[in-house]
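**Q** Here's a structure for you.
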Amino acid sequence: MLWELDIENVAVISKAHISFTEGFNVFTGETGAGKSMLLGAIGAVLGSRVSKDIIRTGETKARVTALFGNLPEKTVEAIHSLGLDVSDNEVVISREITAERSVCHINGTVTTASVLKSIGRLLVDIHGQRDNYVLADPLSHLGFIDSFSGNADILEQYQRDYSKLMEISKKLKELSIDEMQKKRRLQELEFEINDISSADLKLGEEESLVQRKRIIKNSKELVKALSLANHLFSGDDESDGIISMLEQAEGCIFSSSEFIPEMAEVLKKVTDLRYELDESAEYIKDRLSELSFDENELELIEERLDVIFKMKAKYGSSIEKVLEHLKNAEEEYKLYCDNSELTDRLNKEFSEALKKAGISSDKLTDSRRKAAGKFASAIKAELEMLSMPNAVLDIPIKKTEMTKTGADELEIFISVNSGEELRPLAKVASGGEMSRIMLAIKNVVSAKDDVPTQIFDEIDSGISGIAAGKVGRKLYEASKGRQIICVTHLAQVAVFADNHLLIEKMTSDGRTFTSVKAISKDEKAEEIARITSGENKSEAALAGAKELLDFAEKEKLCI
């Protein structure tokens, strides 16, 4: 669950520290006070895409830090699988946003926004105001049934089987090109194979040629330098070199060692040095011999490098890439030449894969059919408690061609009033009804998952009167054993809060600031009165607010 949230320099929020509790947490405040920015901050720390525009005017960076605790085992395992530690069943997530980039941390370890997003899905389920539109899309209805049925393993197995089927199907399509295309492609491949093969490229060849070219171009300077070094080492008829002088020194030291035993160690060092210089002199002579080259060698190197350049321009950025292209071309050429045998094998594999995917698809369909009726009944029961007692639902499932999500097509049909025929959900429900239906779906689905925190942004949109009170009661009931955070403008919802948080906007020194604070019981009455009657709160409005709060407390005792 989300225990603590620290926000710095996010839009109108300069600095805020918010403590949440288990159960039902409610945010209220004037329109424009910064509730959307607050939810945006929570979304940012959960990996949502953010813009640099989120940074408060005049500041260089924004920062959001969240402490989550009481984590489900599934979430802990997922975090461990990323190589991150979870101590005391808590995790601290932070995100810092600057004009250039954003930096994410989980328990102090740098990570990416995509990792935050994958972890965030296990920590919080956010329902925004726009999510009601999801109900209008039949494609989303399938996801509701899958979440409710808990058939993740069946769906995963089907998707593996389907992916294998599509892979084989793709290979078969590649083999089934018409004869003219096949002939043209074979000619292209044959040309490429011959072209690259005739170049006879070798790994490391280009580097060796470039090095040899540099040596040849600088050969005069190299001959001069190495000849001088050779002369200094070996000498000539007129003068001794370093090695000759060392040999003379060796003899002198050897003769003295008979009288000074300690000179034996000096003799050994001089002898070792002479051996090393001998080797160096030989190496220099060998390099000098290599500096003699044919006058045409440089031209031949240039021609060879030109061949390599042309091969790279046509087939890859390096000799390694060119040779890889050759290997692929040879394999493709062989594929086309042997395609009758390969086609037979792939057709057999396709039949086996189709059968396997069909079995997985049938299991998935069976699971969905069993869940659909139970799901409809569970939603109906929820809607009865949300002042929609006459709602009737049906979820017919039709068999279709296999796709990534299965071979099923379904849509929620509903009748919200007695005597009305069942029609597609998007064509029947009003805005307020959509909000209640979505709340019902969230409650039913959340009972099947391990996500400990749900956030609702104005789930009560379009609702008033008795229905509003029912929504408040239902949100409080759903928060038992979990955590619900709700932004609301309805007093009937706010009175059920375990933890009531007030968002206020104020101006100081020409700048706007937003503050967030938990309010006391007396302050709750003041806020409820403001929601119901505006800033001009009368004694009657205050009395009505207290009465509404007392009613909610009594209702809680019955839940």
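The values are calculated or read from the model by the stated rules, or taken from the named source; none is laboratory data. Note that the structure is predicted; figures quoted are calculated from it, not measured. For neighbour counting, all protein chains shown are included, and Cβ atoms are generated from backbone atoms with ideal geometry for every residue, glycine included. We work out accessible area using only protein heavy atoms, side chains counted, and drop any ligands, DNA or RNA first. Shrake-Rupley method; radii C 1.70, N 1.55, O 1.52, S 1.80 Å.
**Q** Calculate the FRET efficiency for Asp240 and Arg287 from the Cβ-Cβ distance with a Förster distance of 25 Å, rounded to the nearest 0.05.
**A** On the way: r = 23 Å, r/R0 = 0.91.
FRET efficiency, Asp240 to Arg287: 0.65.
**Q** Hey, another quick one. Sort segment 405-450 into rounded, prolate or oblate with this rule: let a ≥ b ≥ c be the square roots of the eigenvalues of the Cα gyration tensor; rounded if a/c is under 1.5, and if a/c is not under 1.5, prolate when a/b is larger than b/c, oblate otherwise.
**A** Because a/c hits 1.5 or more and a/b fails to exceed b/c, segment 405-450 counts as oblate.
**Q** Further question: Which three extents, in angstrom, do the Cα atoms of segment 411-505 have along their principal axes, listed largest first?
**A** Sorted from largest, the Cα extents of segment 411-505 read 44, 31, 22 Å.
**Q** Based on the mean of other beta carbon atoms within 10 Å per residue, what is the order of 510-518, 106-114, 232-240, 363-371, most packed first?
**A** Taking the mean over residues of other Cβ atoms within 10 Å, the ranking is 363-371, 510-518, 106-114, 232-240.
**Q** If you look for lysine pairs in segment 398-507 that are eight or more places apart or on different chains, how many of them have Cα atoms under 18 Å apart?
**A** Working: Lys442/Lys470; Lys442/Lys474; Lys442/Lys480; Lys448/Lys474; Lys448/Lys480; Lys470/Lys480.
The result is 6.
**Q** Something else: Could you work out the helix-only [θ] at 222 nm for the chain, with each DSSP H run of four or more residues adding -39,500 (n - 2.57) and the total divided by the number of residues, to the nearest 500 deg cm²/dmol?
**A** -19000 deg cm²/dmol
**Q** Right, next: Convert each backbone phi in segment 102-114 into a coupling constant with the Karplus relation 6.51 cos²θ - 1.76 cosθ + 1.60 (shift: θ = phi - 60°), then list the ³J(HN,Hα) values in order as whole Hz, x for Gly and Pro.
**A** 10, 10, 10, 9, 10, 6, x, 9, 5, 9, 10, 5, 5
**Q** How big is the antiparallel share of DSSP beta bridges in the chain, given as a percent to the nearest 5?
**A** Antiparallel bridges: around 70 percent, rounded to the nearest 5.
**Q** Shifting gears a bit: Provide the per residue accessible area, probe 1.4 Å, for segment 301-344, rounded to a whole number of square angstrom.
**A** On the way: 2800 Å² over 44 residues.
Here the per-residue accessible area is 64 Å².
**Q** Which lysines have a Cα lying under 20 Å from the Cα of Lys220, excluding residues fewer than 8 positions away in the same chain?
**A** Within the straight-line limit of under 20 Å, Lys220 reaches these lysines: Lys285.
**Q** While we're on this one: For the chain, calculate the relative contact order in percent as a whole number, restricting contacts to Cα pairs under 8 Å that are 6 or more residues apart.
**A** 23 percent
**Q** At 7 Å along Cα-to-Cβ for each site, give me the label-to-label distance between Asp450 and Thr403 in nm.
**A** The answer from the label model is 3.0 nm.
**Q** Name the shape class, rounded, prolate or oblate, that the alpha-carbon gyration tensor gives for segment 1-88, where a ≥ b ≥ c are the square roots of its eigenvalues, rounded holds for a/c under 1.5, and otherwise prolate holds if a/b is larger than b/c and oblate otherwise.
**A** Verdict is oblate for segment 1-88.
**Q** Any chance you could list the semi-axes, whole Å, largest first, of the equivalent ellipsoid that the Cα gyration tensor gives for the chain, using √(5λ)? Write out the running numbers ahead of the final one.
**A** Numbers: eigenvalues 1132, 329, 93 Å².
So the equivalent ellipsoid measures 75, 41, 22 Å along its semi-axes.
**Q** Using the Cα centre of the chain as the reference point, and only Cβ charges (+1 on K/R, -1 on D/E), how large is the resulting charge dipole? Debye, rounded to the nearest 20.
**A** With only Lys, Arg, Asp and Glu charged at Cβ, the dipole is about 3620 debye.
**Q** Using the alpha-carbon atoms, what tilt in degrees (0 to 90, nearest 10) does helix 179-199 show relative to the longest principal axis of the chain?
**A** 40 degrees
**Q** Ala249 versus Asn296, label points 7 Å from Cα toward the beta carbon: distance in nm?
**A** Between Ala249 and Asn296, the label points sit 5.0 nm apart.
**Q** Roughly how many whole Å is it from the C-alpha centroid of segment 176-220 to that of segment 275-344?
**A** Cα centres, segment 176-220 to segment 275-344: 9 Å.
**Q** Could I ask something else about it? Could you check how much of the accessible area of the chain is carbon and sulfur, as a whole percent, using a 1.4 Å probe?
**A** Solvent-exposed carbon and sulfur of the chain make up 52 percent of the total.
**Q** Ratio of alpha-carbon Rg to the 2.2 N^0.38 Å globular estimate for segment 79-184, to two decimals, please.
**A** 1.69
**Q** Among all the lysines, which ones have a C-alpha under 28 Å from Lys314's C-alpha, if same-chain residues fewer than 8 places away are not counted?
**A** Lys170, Lys171, Lys173, Lys182, Lys183, Lys202, Lys213, Lys327, Lys334
**Q** What list of whole percents do you get for P(r) of segment 226-285, with Cα-Cα distances grouped in 5 Å bins up to the one holding the largest distance?
**A** 4, 19, 24, 20, 14, 10, 6, 2, 0
**Q** Could you give me the ³J(HN,Hα) list for segment 398-414, computed from phi with Karplus coefficients 6.51, -1.76, 1.60 and θ = phi - 60°, whole Hz, x at Gly and Pro?
**A** Taking θ as phi minus 60°, the curve returns 10, 7, 10, 5, 5, 10, 4, 9, x, 10, 10, 10, 9, 8, 7, 9, 8 Hz for segment 398-414.
**Q** Given axes a ≥ b ≥ c from the Cα gyration tensor, I'd like to know whether segment 278-397 is rounded (a/c under 1.5), prolate (a/b larger than b/c) or oblate.
**A** prolate
**Q** Right, something else. P(r) for segment 490-559, please, calculated from all Cα pair distances in 10 Å bins and given in %.
**A** Percent of pairs per bin, in order: 19, 46, 25, 8, 2.
**Q** Please compute the per residue accessible area over segment 446-522 with all protein chains in place, 1.4 Å probe, rounded to a whole number of Å².
**A** 40 Å²
**Q** Another question, then. Considering only C-alpha atoms, what is the centroid distance from segment 417-439 to segment 3-71, in Å?
**A** If you average the Cα positions of each part, the centres end up 34 Å apart.
**Q** While we're looking at this one, here's another question. Over all alpha-carbon pairs of segment 258-299, lay out the pair-distance distribution in 5 Å bins, whole %, shortest bin first.
**A** 5, 19, 12, 12, 11, 9, 9, 7, 5, 4, 3, 3, 1
**Q** Fully extended, how many nm does the chain gain between Ala264 and Ile559 (0.36 nm per residue separation, minus their Cα-Cα distance)?
**A** This chain segment gains 96.1 nm when fully extended.
**Q** Label-point separation (nm) for Ser36 and Ser515, each offset 7 Å from Cα along Cα-to-Cβ?
**A** Inter-label distance under the simple model: 2.5 nm.
**Q** Please list the radius of gyration and Dmax for segment 347-498, considering alpha-carbon atoms only, with Å as the unit.
**A** 18.9, 66
**Q** Oh, and also: Among 211-217, 350-356, how do they line up by average Cβ neighbours within 10 Å per residue, starting with the highest?
**A** Ranking the peptides 211-217, 350-356 by packing returns 350-356, 211-217.
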